[in-house]
Amino acid sequence: MHMNAALHVIPALLLSLPGAMEDKSSQTSGLSKDVQSSLTPEEPPVDFMHIKLEENEPIDVRTKDFILKKAREVCKCNHQTIITFFCQLFPVLDWLPRYNIKTQLLGDIISGLLVGIVAIPQSISYSLLANQDPIYGIYTNFFCSIIYVAMATSRHNSVGSFGVLCLMIGQSVNRHLQLAGYDDNTDSLLVGNATSSGNGTGTCDRSCYAITVALSLSFLVGLYQILLGVLQLGFLSVYLSEPLLSGFVAGSSLTIITSQMKYLLGLNIPRHEGVGSFILTWVDLFRYIPNTNICDLVTSLVALAIIIPVKMINDRYKDKMKAPVPIELLVVIIATVVSYYFKFEERYKSSVCGAIPTGFRKPTLPDTKLFSSLAVDALPIAIIGFAMTVSLAEIFGKKHGYAVRANQEMIAIGMCNLVPSFFYCFASSAALTKTLLKESTGTQTQLSSLVTSLVLLLVLLWIAPLFYSLQTAILGVVTIVNLRGGLRTFCETPRMWQLSKLDTAVWWTTMLASTLITTEIGLLVGVCFALLCIIFRTQRPRAALLGKVSNTEIYEDQSAYKQLSSIANIKIFRFGSSLYYANKDYFKTALYQKTGVNPILLAARHQRAVTQAKADTGNRKSVFNSVFGCLKPSKKHMGKSPTDVCLPSLDMHTLILDCGAMQFIDTTGLSVLKETHRDFQELGVQLLLANCNPLLRRRLRDGGWAAGAHGGQLAFHSVHHAVQFAQQWHREQQESKERRDADPDPEDMSVQASL
């Protein structure tokens with residue numbers, strides 16, 4: 001017994017000898033490396049069958065060949081190509097020959113008449129919002145309706161003056177009027193009594209200069225939109241999300257209501273522009289409220305009391321009514337008659353529309369000198385215009401089952417702005433209120449827009465002068481009432497908050513920025529904030545450990561579902577986003593937190609323990625305490641040697657990364673995966689990937705991911721396949737270890753015998 005004990009103690013004592021320690025340390029480290037390498041999946045399990053799909057060869061298309069191919073297609077000219085080109089550019093050539101008079105004509109006529117009746121007061125009221133004479137609003141709706149018929153792919157859009165665009169146009173026009181030296185004499189512009197100016201603009205009065213700015217702006221807006229359509233950039237509309245557009249419309253609606261309050265009260269206050277104009281306007285309203293025109297105030301209240309209830313009835317019973325009551329037009333007609341017979345302008349100094357000319361004016365060219373100063377103003381108007389047009393076209397296209405081409409819609413609305421700019425028109429787009437009315441009254445094709453144009457033509461040729469005595473307060477009421485749709489979104493924000501807090505934040509940010517700053521800056525702030533929210537979502541995505549659903553091959557989030565079973569010694573980690581430079585640190589943090597293993601921290605602790613053990617061994621002065629110690633080491637030297645310091649045991653042998661949510665991975669993300677693989681491999685934990693898409697697998701292969709590891713088969717097509725591989729691999733490792741323990745190496749036996 002004593003001899004056997006001595007034989008076991010002697011090797012431990014030999015380790016304490018300085019000379020022998022280095023040799024044994026190097027030998028042990030070599031053995032430990034062999035053990036660690038045996039823990040990595042250099043060879044697959046014997047009975048495991050890998051699923052290896054043969055990839056299709058990628059089509060190698062050179063840029064030069066691609067450009068030449070597209071150029072040949074464009075330049076190819078024959079009879080069929082010409083017909084196809086014109087049918088795509090003018091969709092009316094495609095649907096008009098197939099027009100069914102019996103089933104479609106009646107619906108188009110009724111819808112066109114009703115939209116035309118509603119468009120009359122809106123055209124006049126929105127002209128004031130755009131800082132223009134009323135006649136120019138009628139021009140805009142007339143020409144746009146005709147052009148859109150020929151070039152639109154949407155059957156339900158109704159184009160013309162739109163409140164948000166008119167507000168942006170009015171702000172730009174007012175700014176240029178001030179730069180040109182015109183006084184802020186809004187009344188003279190509205191009633192058409194403009195005076196000559198000697199500021200270097202020739203004989204062009206305030207009204208003339210205002211429409212010159214507006215038509216130059218419309219020309220640039222149309223040019224931008226046509227270029228976007230020709231360059232096939234219709235996808236840009238996706239960056240204007242529904243919460244962003246809804247918040248922008250709500251903020252712009254508040255700004256429009258604020259700008260119209262002076263008409264309802266009959267006040268003559270300056271028009272503020274720029275940052276804080278919303279607040280400054282309300283300050284002036286309260287400051288000048290003692291000067292309120294009682295006649296305008298009473299007229300506004302009566303009109304509101306009549307229009308709002310009737311509009312609510314129209315909305316509530318729209319399915320039962322064959323046609324909505326045209327209450328705005330009725331109120332406009334009655335108010336005009338009452339104002340004319342009771343002489344509101346002479347008796348109560350009430351502001352009226354004034355003389356509205358009939359007929360058309362000669363075409364004119366935009367002022368190219370204004371292009372440089374209007375180029376920036378035209379960009380947000382062009383973006384909002386095509387976004388509203390494409391959005392409404394796609395909504396009703398899906399509802400009624402027909403296809404809409406976004407790029408063609410941009411070209412169509414671009415032509416509706418470019419061509420009418422030569423005929424004294426300002427920028428336009430699809431109008432929400434008239435589009436909803438058009439769809440609800442049974443329109444079938446864009447032929448209804450021609451009927452609307454005929455109604456407006458009657459106004460332009462004969463009826464327009466009859467609106468001389470119409471109070472501007474009535475026009476302000478019409479404008480405000482038609483903004484009810486934008487204001488309804490405030491009631492939808494609580495439900496939006498329940499569905500998505502980030503979308504609600506985008507809505508409120510865009511709404512507040514559009515209201516409190518300016519509409520253009522508000523749109524820019526909304527887009528930037530929405531993009532930041534997208535980055536935030538991908539930068540800190542959801543990360544979870546997965547568990548298995550019993551008796552299935554389904555793996556789900558353990559924190560989200562109950563009755564999920566964990567796989568013994570295997571952890572499955574899912575990262576809910578692509579892996580790229582912005583979320584690489586969060587990926588590591590979430591991985592270490594969910595698995596409970598930080599390989600970098602464990603490696604650092606192990607290195608400190610090894611260093612401490614080396615220091616303790618170097619300070620030993622003797623090997624034996626005394627001869628009478630009978631080869632028994634003293635308690636002072638019972639500390640571990642460097643070779644005895646081992647890595648801590650872990651509760652897993654395999655870590656599986658579910659890459660199903662990773663659409664792409666950049667070079668930084670690939671480096672992070674390699675580092676993670678190396679760090680866990682040093683702990684004896686193999687790292688496997690699952691659910692990798694073909695693009696991700698190709699990127700991993702090209703990046704040298706786990707090169708040499710049994711043919712690079714560290715990326716599996718499913719989580720269950722990876723789990724089966726890990727279990728079988730671990731089972732074979734355990735069996736191999738048991739065989740080594742039962743049948744020791746002959747070299748180890750000879751070493752022990754020599755000792």
**Study point:** Failed criterion for ILE313 (all others in (1) in contact (Cβ under 8 Å) with a residue 12 or more places away in the chain; (2) assigned to a helix (DSSP H, G or I); (3) open to solvent by less than 80 Å² (accessible area, probe 1.4 Å) hold)
**Key:** (3)
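Results for (1) among the polar types (S, T, N, Q); (2) at pLDDT below 90, shown as yes or no for each residue.
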position	(1), (2)
SER372	yes, no
VAL376	no, no
ALA387	no, yes
LEU392	no, yes
PHE426	no, no
SER429	yes, no
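Kindly indicate whether any position in the stretch 355-367 is more than 21 Å from LEU475 (Cα to Cα), in a helix (DSSP H, G or I), out of contact with any strand residue (DSSP E or B) (no Cβ under 7 Å at 6 or more places or on another chain) and not hydroxyl-bearing (Ser, Thr, Tyr).
No - not one qualifying residue is present in the stretch 355-367.
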**Study point:** Hits in the stretch 356-367 (condition: touching a residue at least 24 places away in the same chain (Cβ under 8 Å) and open to solvent by 30 Å² or more (accessible area, probe 1.4 Å))
**Key:** PRO357, THR358, PHE360, ARG361, PRO363, THR364, LEU365, ASP367
Practice item. Answer yes if at least one residue in the stretch 411-419 is outside any helix (DSSP H, G or I) and over 14 Å from ASN157 (Cβ atoms), and no otherwise. Key: yes
Check your understanding: Which number in (1) under 18 Å from HIS677 (Cβ atoms); (2) more than 34 Å from the chain's Cα centre (by Cα) marks the one condition that ASP585 misses?
Key -> (2)
Check your understanding: PHE219 versus (1) farther than 24 Å from SER373 by Cα; (2) open to solvent by 30 Å² or more (accessible area, probe 1.4 Å): which is the lone unmet condition?
Key -> (1)
Review point. In this structure, does TYR148 turn out to be of a type in the set (Phe, Trp, Tyr), touching a strand residue (DSSP E or B) at 6+ places or on another chain (Cβ under 6 Å) and in a helix (DSSP H, G or I)?
Key: yes
Practice item. Would you be able to say whether some residue in the stretch 270-280 is β-branched (Val, Ile, Thr) and open to solvent by less than 50 Å² (accessible area, probe 1.4 Å)? Key: no
Check your understanding: In the stretch 588-606, which residue that is within 39 Å of the chain's Cα centre (by Cα) and small (Gly, Ala, Ser) is farthest from ASP651 (Cα to Cα)?
Key -> ALA590
Check your understanding: In this structure, does LEU167 turn out to be under 33 Å from the mean Cα position of the chain (by Cα), open to solvent by 40 Å² or more (accessible area, probe 1.4 Å) and either modelled with pLDDT of 90 or more or within 27 Å of PHE360 (Cβ to Cβ) (or both)?
Key -> no
Review point. Just one of the numbered conditions (1) open to solvent by 10 Å² or more (accessible area, probe 1.4 Å); (2) part of a helix (DSSP H, G or I) is not true of THR153; which one?
Key: (2)
Study note, to complete from the structure: Within the stretch 464-493, the residues that are assigned to a helix (DSSP H, G or I), open to solvent by 10 Å² or more (accessible area, probe 1.4 Å) and over 14 Å from ALA250 (Cα atoms) are PRO465, LEU466, PHE467
Exercise for review: State all residues of the stretch 527-578 that are open to solvent by less than 60 Å² (accessible area, probe 1.4 Å), assigned to a helix (DSSP H, G or I) and not β-branched (Val, Ile, Thr); if no residue qualifies, say none.
Suggested key: ALA530, CYS533
**Study point:** Neighbours by Cβ (under 6 Å, 6+ apart or cross-chain): first from the stretch 287-305, in a helix (DSSP H, G or I); second open to solvent by 40 Å² or more (accessible area, probe 1.4 Å)
**Key:** CYS295/TYR348
**Study point:** Hits in the stretch 324-339 - residues which are crowded, with 16+ Cβ neighbours inside 10 Å and closer than 21 Å to ILE109 by Cα
**Key:** PRO324, PRO326, ILE327, GLU328, LEU329
Exercise for review: Determine if the stretch 741-754 includes at least one residue that is modelled with pLDDT of 75 or more, open to solvent by 70 Å² or more (accessible area, probe 1.4 Å) and among the small types (Gly, Ala, Ser).
Suggested key: yes
Point to revise | Positions within the stretch 453-462 being of a type outside the set (S, T, N, Q) and either free of Cβ contacts under 8 Å to residues at least 60 places away in the same chain or open to solvent by less than 10 Å² (accessible area, probe 1.4 Å) (or both), in sequence order | key: LEU456, LEU458, VAL459, LEU460
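The values are calculated or read from the model by the stated rules, or taken from the named source; none is laboratory data. Only a predicted model underlies this, so the values are computations on that prediction, with no experimental measurement involved. With ideal geometry, Cβ positions are generated from the backbone for all residues, glycine too; neighbour counts draw on all protein chains shown. Only protein heavy atoms, including side chains, enter the accessible area calculation; ligands, DNA and RNA are left aside. Shrake-Rupley method; radii C 1.70, N 1.55, O 1.52, S 1.80 Å.
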